[in-house]
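Okay, structure first, notes after.
The values are calculated or read from the model by the stated rules, or taken from the named source; none is laboratory data. Computed from a predicted structure; not experimentally measured. FYI the Cβ positions are ideal-geometry reconstructions off the backbone, even for glycines, and counts take in every protein chain you see.
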Amino acid sequence: MALSKEHVAQISAELIEAEKSRVPIQALTERFSDVSYEDSYAIQLKTFDTLVKGGAVIVGKKIGLTSKAMQDQMKIREPDYGMITDRMVAREGAPIPMSSLILPKIEPEIAFLLKEDLKGPGVNVANVIEATEGIMPAFEVIDSRYRDWKITVKDSISDNASAGIMILGGKLTPIKDLDLRYIGLVMEKNGMLVSTAAGAAVLGNPAQSVAWLANKLTEYGIYLKKGEFVMSGSLVQAVNVEAGSNLRATFDRLGSVSVCFE
């Protein structure tokens with residue numbers, strides 16, 4: 001690791017404060033040019049150790065930067081991941097205050113609810129399907145605690161993969177007879193079509209994304225737990241949101257999810 005334990009703790013504390021104050025900080029990689037992936041994940045884990053000790057409950061995991069569209073947007077070529085606490089899940093239909101965010105964007109995703117643990121290494125698509133209770137339409141509001149979204153993948157990892165708020169649709173659909181590669185998506189903003197896609201946009205198959213995460217987590221002694229939900233990654237480029245924005249994502253055979261901002 002390039003960073004000392006003291007630096008890891010300091011940056012983690014700054015990120016927690018930035019989320020509370022809504023005042024972003026300078027990007028990690030601008031401050032430490034030789035920062036490693038190990039450093040970035042160490043910062044993320046330190047943050048969640050602090051949050052859990054403060055009473056937060058980890059209820060899921062998220063995968064980011066899985067689609068070519070998002071990788072092109074962020075100029076990277078590999079996914080990242082973060083954790084989700086109970087405090088990061090919003091009720092569908094409840095307006096989200098812009099004052100609670102810094103510079104938010106929104107992504108439509110397929111969320112997996114697990115009925116069994118998934119532990120790597122060696123997890124594949126078949127294992128993911130077998131371990132899944134069902135899937136749900138979902139939105140993730142992403143937000144960066146680093147200034148002006150001037151980030152690399154290492155910055156994103158340290159900042160919990162830019163996770164913000166999760167909104168889950170109300171319908172859970174069994175996965176057994178679905179080919180997730182062909183699940184279509186229509187996304188609307190203020191009643192206007194903004195993007196379309198299919199499940200194959202996420203690493204070829206959203207279940208492959210979940211398999212990647214299960215195997216990646218093995219490196220850190222973490223696994224996907226029964227009862228958790230996993231956000232499998234956006235099918236399209238993230239869309240900016242403003243006060244008054246209303247968004248709806250409709251997935252073929254899965255139903256829809258909607259959110260508004262005030």
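Applying the condition of being surrounded by 22 or more Cβ atoms within 10 Å (Cβ to Cβ) and more than 14 Å from I157 (Cα to Cα) to region 38-74 and asking which residue is modelled with the highest pLDDT yields G60. The residue list S67, S144, S100 contains one member that is out of contact with any helix residue (DSSP H, G or I) (no Cβ under 7 Å at 6 or more places or on another chain) and polar (S, T, N, Q), which is S100. Just to be sure before I move on: is E38 among the acidic types (D, E), in contact (Cβ under 8 Å) with a residue 24 or more places away in the chain and within 19 Å of K216 (Cα to Cα) in the structure I sent? Taking the combined requirement at face value, the residue satisfies it.
Among the criteria (1) modelled with pLDDT of 95 or more; (2) on the phi > 0 side of the Ramachandran plot, the one M231 does not fulfil is (2). Restricting attention to region 12-30, the residues that are touching a helix residue (DSSP H, G or I) at 6+ places or on another chain (Cβ under 8 Å) and either closer than 15 Å to L51 by Cβ or not β-branched (V, I, T) (or both) total 9. All of (1) farther than 15 Å from M83 by Cα; (2) aliphatic (A, V, I, L, M); (3) out of contact with any Gly (no Cβ under 9 Å at 6 or more places or on another chain); (4) touching a residue at least 40 places away in the same chain (Cβ under 8 Å) hold for A211 with one exception: (3).
Take region 76-120 and flag every residue that is of a type in the set (A, V, I, L, M), at pLDDT 95 or above and over 15 Å from V59 (Cβ atoms). Matches in region 76-120: I96, M98, L101, I102, L103, I106, I110, L118.
Here is a list: V153, V128, V123. Which entry is in contact with a helix residue (DSSP H, G or I) (Cβ under 8 Å, 6 or more places away or on another chain) and either modelled with pLDDT under 95 or of a type in the set (F, W, Y) (or both)?
Values: V128 fails: either modelled with pLDDT under 95 or of a type in the set (F, W, Y) (or both); V123 fails: either modelled with pLDDT under 95 or of a type in the set (F, W, Y) (or both).
The match here is V153.
Taking the stated definitions as given, is R181 farther than 30 Å from E14 by Cβ, of a type in the set (K, R) and touching a residue at least 12 places away in the same chain (Cβ under 8 Å)? When the stated conditions are applied, R181 passes them.
Each row is one residue, and each column tells you yes or no for (1) in contact (Cβ under 8 Å) with a residue 12 or more places away in the chain; (2) in contact with a Ser or Thr (Cβ under 6 Å, 6 or more places away or on another chain); (3) not β-branched (V, I, T).
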| site | (1), (2), (3) |
| --- | --- |
| Q26 | yes, no, yes |
| D34 | yes, no, yes |
| D49 | no, no, yes |
| K61 | yes, no, yes |
| G64 | yes, no, yes |
| S67 | yes, yes, yes |
| P79 | yes, yes, yes |
| R87 | yes, no, yes |
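In the set (1) within 26 Å of A238 (Cβ to Cβ); (2) in contact (Cβ under 8 Å) with a residue 24 or more places away in the chain, the condition left unmet by E17 is number (2). Restricting G169, G233, G191, G204 to residues that are within 19 Å of V89 (Cα to Cα), out of contact with any Phe, Trp or Tyr (no Cβ under 9 Å at 6 or more places or on another chain) and touching a residue at least 12 places away in the same chain (Cβ under 8 Å) narrows the list to G233.
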